[in-house]
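Comments concern the structure below.
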Amino acid sequence: MSEQKYHWYLIGYTFNDKSNNGNTRNFSIQLPLETFLPPVSKSKLNELSIIGAEWIQKNDPTTEPENLFAISICYLGEMT
């Protein structure tokens with residue numbers, strides 16, 4: 001029996017927090033994907049930004065993100 005391997009990425013984000021006078025905040029998440037990312041397009045960056053917005057809302061519900069962007073994508077490797 002083999003385990004599913006995923007391509008892991010570390011995605012860095014930045015945003016302005018409306019709930020904190022618009023101060024800039026940063027965070028990063030580790031994201032497993034079933035397929036390797038090809039060169040990243042604008043539509044893929046938009047998808048990653050949506051993932052980041054959902055993550056910050058779930059993990060810090062008092063935050064009001066505005067102008068959230070994925071600013072870095074680091075490939076960590078293929079792991080189970």
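Among T14, T63, which is in a loop (DSSP other than H, G, I, E, B), surrounded by 15 or more Cβ atoms within 10 Å (Cβ to Cβ) and without any contact (Cβ under 8 Å) to a residue 60 or more places away in the chain?
On the way: T14 fails: in a loop (DSSP other than H, G, I, E, B).
Testing whether each residue is in a loop (DSSP other than H, G, I, E, B), surrounded by 15 or more Cβ atoms within 10 Å (Cβ to Cβ) and without any contact (Cβ under 8 Å) to a residue 60 or more places away in the chain leaves just T63.
Return the pair list, or none, for Cβ contacts closer than 6 Å from residues in region 21-42 that are exposed (fewer than 12 other Cβ atoms within 10 Å of the Cβ) to residues that are among the charged types (D, E, K, R), at least 6 apart or on different chains.
Here the result reads N23/D17, each pair linking region 21-42 to a residue that is among the charged types (D, E, K, R).
Report the residue count in region 33-73 for those that are under 12 Å from I11 (Cα atoms), in contact with a Phe, Trp or Tyr (Cβ under 6 Å, 6 or more places away or on another chain) and modelled with pLDDT of 95 or more.
Matching residues across region 33-73 total 1.
The values are calculated or read from the model by the stated rules, or taken from the named source; none is laboratory data. This is a predicted model, so every value here is computed, not measured. Please note: Cβ atoms are built from the backbone with ideal geometry, for glycine as well, and neighbour counts cover all protein chains shown.
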